[in-house]
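Below: the structure, in structure tokens.
The numbers here are math on the coordinates, done by the rules we state, and not lab data. Fair warning: this is a prediction, and the values are worked out from it, not measured in the lab. So basically every Cβ, Gly included, is an ideal-geometry build from the backbone, and we count neighbours across all protein chains shown.
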């Protein structure tokens, strides 16, 4: 449903946001996304393959990521045709940016209430 306004997709689930973060760095196949998320969150957000692929399907449906076809996909997947390679879309970047701003506002509010160390 790419016609929905950006803010209608917020807040993102933690898993959806982590997938967009992983794809903001580079295009990846599913297992590489799983590894990137695991490396960043270090077990704080358990991500299983079934959950990952359901989230990927929703992100594709919402137009936030897209499946890459052709030679670039082949080089990223190690030429394994079963591996699907994903890229963040322009809309996905906009939604990820909006979610980042939303989260930054929440963190600023927490800091101003001394619930989180750092600048207020």
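As a rough footprinting exposure proxy, the listed residues 90, 102 were ranked by other beta carbons within 10 Å of their own, and the order from fewest upward is 90, 102. Taking Cα atoms only, the orientation of helix 49-61 departs from the longest principal axis of the chain by about 90 degrees. For the options 96, 16, 109, a Gaussian network treatment of the chain with springs between C-alpha atoms closer than 10 Å singles out 109 as fluctuating the most. Label zone (residue 7, point 7 Å along Cα-to-C-beta; backbone nitrogen cut-off 13 Å) within region 93-114: 98-99, 102. Gain on full extension, evaluated as 0.36 nm per residue between residue 44 and residue 101 minus their Cα-Cα distance, stands at 18.3 nm.
Against the chain, whose longest principal axis comes from its Cα atoms, helix 90-112 is set at around 30 degrees. Between the helical axis of 14-25 and the longest alpha-carbon principal axis of the chain there is an angle of about 60 degrees.
In Å, the Kirkwood hydrodynamic radius of region 10-112 over pairs of distinct alpha carbons?
On the way: mean 1/r = 0.0705 Å⁻¹.
So the Kirkwood estimate lands at 14.2 Å.
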